Structures are given as structure tokens and as C-alpha cells.
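**Student:** Below you'll find the structure I mean.
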């Protein structure tokens with residue numbers, strides 16, 4: 001047993017009355033911690049594309065300009081990081097994944113999101129359609145900062161935030177649910193914060 | 001966000017390997033670059049600790065702590081030799 | 001290589017705090033009396049773990065500031081928005097127990113037999129392990145010619161000012177102040193760069209041994225400049241603390 005460090009407390013303390021919005025084992029943060037498994041890529045917008053692929057085939061691809069012309073929504077969501085911080089009421093601007101997949105005439109039960117820098121994460125199609133996931137390019141009233149995943153990141157607020165891949169560049173349609181980056185290093189294949197699915201086997 | 005280097009994870013590596021590892025020689029399995037573990041690029045503001053090659057950026061090691069057990073994946077390394 | 005899972009083997013211990021000394025308005029030096037200490041090498045660090053009443057824990061690394069022949073001390077800078085450093089610099093009292101493990105590190109270490117001359121480059125609190133090296137040099141009677149260039153925001157932020165100002169045979173200490181300078185300042189100004197290092201660093205022909213410690217961007221700039229000046233990369237040892245002015249969750253020391 002570690003001795004208690006007299007007078008030491010975690011930086012952020014949870015205000016009363018927010019318990020129902022906090023999944024088990026989570027604590028509120030007022031900041032926006034920056035987490036990353038690698039250096040921040042800086043892809044110029046003129047080189048940026050977003051693609052729906054299936055193996056070697058590109059089903060649909062948008063340039064930045066084309067992407068900006070798609071119908072965008074403002075999203076307000078609580079986000080939950082597996083490192084135990086949650087942030088309530090974050091505001092985003094983005095295009096729903098359902099809109100994107102609808103234009104690609106998809107046919108697959110799973111996707112693997114792929115990103116600048118090589119990060120990947122796996123998701124079931126039913127979790128990213130029906131208005132539950134977006135490709136977000138705005139945060140608060142401005143563009144999404146590079147350190148938070150800009151120019152665009154996935155936003156899947158009902159799953160742990162590692163599923164909301166930063167610097168996302170596309171979705172690869174898959175027949176099977178294969179693990180992405182963190183999922184292959186012991187994190188949960190699905191990652192529901194309300195069932196506290198942090199690690200494989202939870 | 002600024003990365004740190006392999007010096008910072010010396011304690012965790014002793015936990016994993018039972019020996020001092022920051023002076024150990026590492027060889028990248030992707031580009032073949034060799035250097036002491038201390039000079040590798042370390043990202044640890046993440047669900048786990050990701051150690052990358054300073055030459056090509058490939059992932060060399062990933063360490064994930066769950067309670068008091070650390071899982072370590074060394075599949076990106078061609079070689080790791082304690083001094 | 002293989003994948004494996006191993007149980008922890010490095011032992012945490014609770015060390016009484018022997019004394020706390022203020023160095024600057026934001027920096028303290030903490031002397032510790034760990035019950036089981038195998039002895040350390042100049043340049044090593046130790047890991048500190050704090051535990052809150054609700055079981056929450058936070059770990060950071062701190063460079064050891066003292067020579068191997070001296071009591072174990074760490075020097076801690078209070079970082080804005082930090083979680084651990086405000087506790088260590090503001091709440092901790094002599095007699096409290098601080099949980100630690102160490103010493104840690106086998107790369108960023110110096111022994112008198114390693115040769116020289118020594119070129120030490122410190123950015124901010126990156127001076128701490130270099131101070132351990134300087135004290136080890138003094139305590140062992142090593143006469144290795146040594147130059148220290150210490151980059152700090154302001155003169156008031158310089159740690160160990162009085163100690164570094166003393167006349168130690170064979171040690172030349174230079175400063176560069178990056179944010180503002182006191183009236184009549186005759187030292188260097190601005191961030192460290194190739195031009196400054198070309199001026200103050202030992203020439204590569206002297207076969208110097210360099211230790212660079214500080215924020216990541218400082219270390220990258222300084223190391224690249226020394227290699228540019230002809231220092232062999234394997235004679236340039238580096239330790240990066242991460243970002244500046246952020247949370248101590250990011251930078252650690």
C-alpha cells in the first residue's frame with residue numbers, strides 16, 4: 001500500500017450534480033488534454049482528402065473543398081477518454097459519417113479508420129451511422145486545432161475517445177472487426193465507457 | 001505536444017525488464033537505425049507509452065499498464081541489447 | 001521481437017523529507033532520506049509517486065541534483081497547471097514521506113573516467129542533472145576542463161545562482177537570458193543557436209563530451225548545432241523534459 005501524500009489531490013475535482021453524466025471511473029476536466037501516440041502531422045489542405053475505401057479500391061473521395069460543400073452539423077457532446085478524464089458539453093462542427101457512407105454506396109459491417117501518422121481504430125458500421133459519428137473540422141467557434149486532430153478528426157462520442165481518431169483521412173470498409181492501433185495493444189475492441197470497456201476482456 | 005525521450009521511461013523499463021535499459025542499444029526493424037533507448041522518441045500522453053524511431057518514426061515499443069502489470073510489445077524492434 | 005507481460009520489480013519506498021530549500025520563487029530543492037538507497041550516479045533521476053486520499057496516484061521523474069557522495073536531493077520547478085510540482089514546491093514539509101523509486105538511468109550519466117573536456121548545456125530546470133555532474137566533478141577532484149552554458153528566461157529564474165557563481169577551477173559558466181535581462185547584463189541573450197554554440201562550445205577537435213538537458217525543443221536545437229560543429233553524435237548525450245510552461249503531466253521534471 002502506498003502511503004497517502006498528505007494534502008495531495010487530483011488537479012480536477014468533480015462538482016456535485018454531474019454524476020449522472022459521468023461514466024464509471026471517469027473524472028471531469030475543465031481543460032482539453034492533448035493525447036497522441038505520435039507527432040502532430042501538418043497536412044496542407046490542398047493535399048488533404050477524405051476517402052471511403054474497400055481494400056485497394058477507393059469507393060469515394062473528397063478534396064477539402066468538396067468536403068466543405070457537404071452538409072455540416074453543429075454537434076454538442078460529452079467526451080470520455082480512457083485515461084479517465086471526461087469533458088462535458090463540447091461543441092463541434094462536422095459532417096455525419098452516415099452522409100459520407102451514403103454517398104459511397106457502402107457494403108460492409110465494420111470500418112477501419114485511417115489517419116495521417118499511421119494511427120488506426122476499428123468501428124462497427126452501426127455505431128457510426130444514424131447520427132452517432134461525424135468527421136469534425138470545427139471546435140467551439142473556430143477550426144479544429146492540429147493538436148486536437150485538425151484539419152479533421154473522427155467524433156464518436158458514445159465510445160471512448162481513442163475511437164475518435166485524430167487527423168483522420170478515411171474509412172476502410174471491412175468484413176470483419178479487426179483491431180486498430182490501441183485495440184491491438186490490449187484496449188477493448190469496442191470501448192463503451194458506460195460499460196467501462198477499457199481493456200480487452202472488460 | 002512535445003515528446004520526451006527514452007530517459008523518461010527508465011523506471012518503467014526496469015519494471016518490465018528487471019534491468020537498466022536506457023543505455024541499451026536498439027535497432028529499428030523498419031529502417032535499421034541503431035541508437036541507445038535513451039535517444040528514442042517517447043509519447044506518453046496517451047492510453048499507453050509509444051516509443052518511436054528517431055530516424056523514421058516507426059513504432060518500436062508500446063507499453064500499456066493495467067493495474068500493476070505492464071504489457072510490452074517490441075515487434076517494431078529488430079534488436080534490443082542491454083549494455 | 002516478442003510480446004510479454006511482466007510483474008513490477010523495481011521497488012517503491014517511502015523516503016522521509018529531510019529538508020526543503022528554496023532556490024527561486026518557483027523552485028525548491030528537497031533532500032530525501034530513502035531507507036534503501038544503493039547509491040546513484042551523476043545525471044540519474046528518480047521516480048516520485050503521490051497518492052491522494054481517494055487512491056488516485058500521479059507519477060513524475062525528477063533529476064537528482066546531488067553528487068553520488070552526498071545525500072539524495074531533487075530540485076523541482078513549479079509548473080503552471082501542474083499537478084505534482086505545485087504539491088512538491090508548496091505543500092510538502094520536512095518530515096513528510098515521499099514515495100520514490102530509483103535511481104534510474106544508465107545513459108545520461110557521467111564518471112570522471114569518461115574523458116572530456118565537458119560541454120554542459122542546460123535549458124531551464126535542465127540544469128539539475130548537470131549540477132549533479134558538476135558536484136561529482138568537484139567532489140572527485142576531477143580536473144576535466146568544463147564549460148557550462150545555461151539558458152534561462154530571466155536572471156531571477158537561474159537555479160543554483162550562488163553556487164554556479166563560485167570560482168571552481170577549470171569550470172567556465174556562461175548564461176543566456178531569453179526573456180529579459182537585468183540592467184548592465186553582459187552575458188548572452190536570446191535562445192541558444194548554432195552561432196552562439198560556435199562561439200562558446202569547445203571546438204570539436206578537443207574531442208569534447210557533451211550533456212544537453214532541458215525542454216525538448218531546446219535539446220533538439222542544441223544537439224543539432226553541436227553535431228553541425230563536428231561533435232560525433234555518440235559524444236552528445238541528451239535528455240528531454242518535454243514542453244515548456246505546460247502541465248507537469250507533460251514535462252515531468
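**Student:** How high is the relative contact order of chain C, given as a whole-number percent (alpha carbon pairs under 8 Å, six or more residues apart)? Write down the numbers at each step before the final one.
**Tutor:** On the way: 540 pairs, mean separation 50.8, N = 253.
Here the relative contact order equals 20 percent.
**Student:** Here is a further query. What percentages make up the Cα-Cα pair-distance distribution of chain B when the bins are 5 Å wide from 0?
**Tutor:** Final binned percentages: 3, 17, 28, 29, 16, 5, 1.
**Student:** Please grab the % of Cα pairs in chain A that end up more than 29 Å from each other.
**Tutor:** Counting pairs separated by more than 29 Å, the tail of P(r) holds 23 percent.
**Student:** Which value, in nm² and rounded to one decimal, describes the direction-averaged projected area of the C-alpha convex hull of region C:42-181?
**Tutor:** Mean projected area of the Cα convex hull: 9.6 nm².
**Student:** So how far, in whole Å, is the C-alpha centre of region A:13-73 from the one of region C:93-113?
**Tutor:** About 40 Å separates the Cα centre of region A:13-73 from the one of region C:93-113.
**Student:** Using only atoms on other chains, find how many Cβ atoms lie within 10 Å of each Cβ of peptide B:11-19 and report the average.
**Tutor:** Partner Cβ neighbours, averaged per residue: 6.
**Student:** So what's the back-of-envelope 222 nm ellipticity for chain B, counting only DSSP H runs of four-plus at -39500 (n - 2.57) apiece and dividing by all residues, rounded to 500?
**Tutor:** Mean residue ellipticity at 222 nm (helix-derived): -2500 deg cm²/dmol.
**Student:** Further question on the same structure: Sort B:77, A:70, C:164, C:46 so the one with the fewest other Cβ atoms within 10 Å of its own Cβ comes first.
**Tutor:** A:70, C:164, B:77, C:46
**Student:** Same structure, new question: Compare C:146, C:29, C:57 in a GNM of chain C, Cα atoms joined below 10 Å, and give the one with the largest fluctuation.
**Tutor:** In the Gaussian network model the winner is C:57.
**Student:** Still on this model: Other chains' Cβ within 10 Å of C:42-51 residues: what's the mean? All intermediate terms of the calculation are to be shown ahead of the outcome.
**Tutor:** Numbers: counts 0, 1, 4, 4, 2, 7, 1, 4, 8, 6.
Counting Cβ atoms of other protein chains within 10 Å of each residue's Cβ and averaging gives 4.
**Student:** Within 10 Å of each Cβ of C:99-111, how many other protein chain Cβ atoms are there on average?
**Tutor:** So the per-residue partner count for this stretch is 6.
**Student:** Placing one identical point scatterer on every Cα of region A:1-92 and ignoring solvent, what is log10 I(q)/I(0) from the Debye formula at q = 0.15, 0.22 Å⁻¹?
**Tutor:** Log10 of I(q)/I(0), two decimals: -0.89, -1.17.
**Student:** Once you sort the root eigenvalues of the Cα gyration tensor of region C:135-253 as a ≥ b ≥ c, which label holds: rounded (a/c under 1.5), prolate (a/b larger than b/c) or oblate (the other case)?
**Tutor:** rounded
**Student:** What share of the DSSP beta bridges in the protein assembly as shown is antiparallel, in percent to the nearest 5?
**Tutor:** 75 percent
**Student:** So how many Å³ per residue does the convex hull of the Cα atoms of the protein assembly as shown work out to?
**Tutor:** Working: hull volume 89.5 nm³, N = 538.
About 166 Å³ per residue, rounded to a whole number.
**Student:** Rounded, prolate or oblate: which fits chain C, taking a ≥ b ≥ c as square roots of the Cα gyration tensor eigenvalues, rounded meaning a/c under 1.5, else prolate when a/b beats b/c?
**Tutor:** It is prolate, given that a/c is not under 1.5 and a/b is the larger ratio.
Every read-out reported here was derived from the displayed coordinates using simple, explicitly stated rules and does not represent laboratory data. Since the model is a prediction, treat every value here as computed from it, not as a measurement. When we count neighbours, we look across all protein chains shown, and the Cβ atoms used for this are built from the backbone with ideal geometry, even at glycine.
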